[in-house]
Structures are given as structure tokens and as C-alpha cells.
Amino acid sequence: MAPMPLDDARKKMTARLVDSLYTEAMLLADEARSYFDEVGRSERESLGPMERVAFSCESLKVTTRLMHVIAWLLTRKGIASGEIDEEDGNGQARRLGEAADSDPAAVADLPPGARAIVEGSIDLYGRIARIDREMTEPEPLSPALGLLRRIERAL
């Protein structure tokens, strides 16, 4: 059996990665919906007025992050299946949408369940944002230059 061409292997790996991230996003969205509709509602009522507002704001931020992530992943799936033209799918309008940052102090004051969901959405959004950024940045001229750019972004 002949080895798979490198481009085909990358596409297959990318499709698997997108499928895995999509599953993760959908599970987190279901967990968030369930929590904020059921358990979180009673936990929210036990908070003080300012904490209740922060709780509501953070639940909206989670929803926004997850909507942006899921839309981005669906675009990637559409490109992979040929439903969306690659040039159109990689256009500015199809990039990952902006999501408001969470206030670390407000998140720290949330009940543990809410905090875990907020942190999970921040982590997933951050990973997708990195992938989106890497897809649109020009290829570095050399591996050393690429490493320097990654170090600069991390600082």
C-alpha cells in the first residue's frame, strides 16, 4: 500500500481535529444549557445582587463564545465536505467572531459549576482562536522565524 500524500494526510488530520473539537463544543454547550437552566438557577438565587449580575453576564459570555466556536467549526466542516468554497470559507466574514473577556475576579466568585463551565468555554475559545490565527497568518520564512513569532505571541 502506497503512503498517503502529505496534503491528504493533513486534510484527514484536520477533519478529525475539527470533528473532535465540534464534539467537545457541543458537549460543553449542552452542559452549559443544562447547568444554567437547572442547577445554576438555584445557585444564582443564593448569590448577592452583584454576584447574580456577574453570574448572568458570564452565562451570556459562555453562550457567545460557544456560538462563535460552533459556527467556526461548522464552516470548517462545510469546507471539508465541499459545501462551502474554500476561498469563501476562509474569508474575513467566516473568521472566529470576537467574544468578550471574562473578569477573573467575577469568575472566581461564581459557584464551582459555573466557574468550570466558564473556564471550559474560555479554554475552548482560546484554542480555536489560535487555530484561526495560524490559518490566516503567512507561513514563516524559516522554522526559526516561526518559533520566534510564536514566542512573541506568547509574551
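The values are calculated or read from the model by the stated rules, or taken from the named source; none is laboratory data. All values derive from a computational prediction rather than experimental measurement. Here Cβ is always computed from backbone atoms with ideal geometry, including for glycine, and neighbour counts include all displayed protein chains.
This table checks each residue for (1) touching a residue at least 12 places away in the same chain (Cβ under 8 Å); (2) farther than 21 Å from A15 by Cα.
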| site | (1), (2) |
| --- | --- |
| R65 | yes, yes |
| A71 | yes, no |
| I84 | no, no |
| P143 | no, yes |
| L148 | no, yes |
| A154 | no, yes |
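Among the helices (runs of 4 or more DSSP H) confined wholly to segment 34-114, which include 3 or more residues that are at pLDDT 90 or above and surrounded by fewer than 20 Cβ atoms within 10 Å (Cβ to Cβ)?
On the way: elements: 39-45, 49-81, 86-89, 104-108.
Passing ranges, in order: 49-81, 104-108.
Among the residues of segment 54-63 satisfying the criterion of being in contact with a helix residue (DSSP H, G or I) (Cβ under 9 Å, 6 or more places away or on another chain) and without any contact (Cβ under 8 Å) to a residue 40 or more places away in the chain, which is nearest to D101 (Cα to Cα)? Explain how you work it out, then say what you get.
Pass one, segment 54-63, residues in contact with a helix residue (DSSP H, G or I) (Cβ under 9 Å, 6 or more places away or on another chain): 54-59, 61-63.
Remaining after also requiring without any contact (Cβ under 8 Å) to a residue 40 or more places away in the chain: 56, 63.
Working: S56: 14, T63: 13 Å.
It comes out as T63.
Of all residues in segment 89-130, count the ones that are out of contact with any Ser or Thr (no Cβ under 9 Å at 6 or more places or on another chain) and of a type in the set (V, I, T).
2
Against the definition (closer than 23 Å to W72 by Cβ and of a type in the set (K, R)), how does R115 come out, yes or no? Walk me through it before giving the result.
On the way: closer than 23 Å to W72 by Cβ: no; of a type in the set (K, R): yes.
No, not satisfied.
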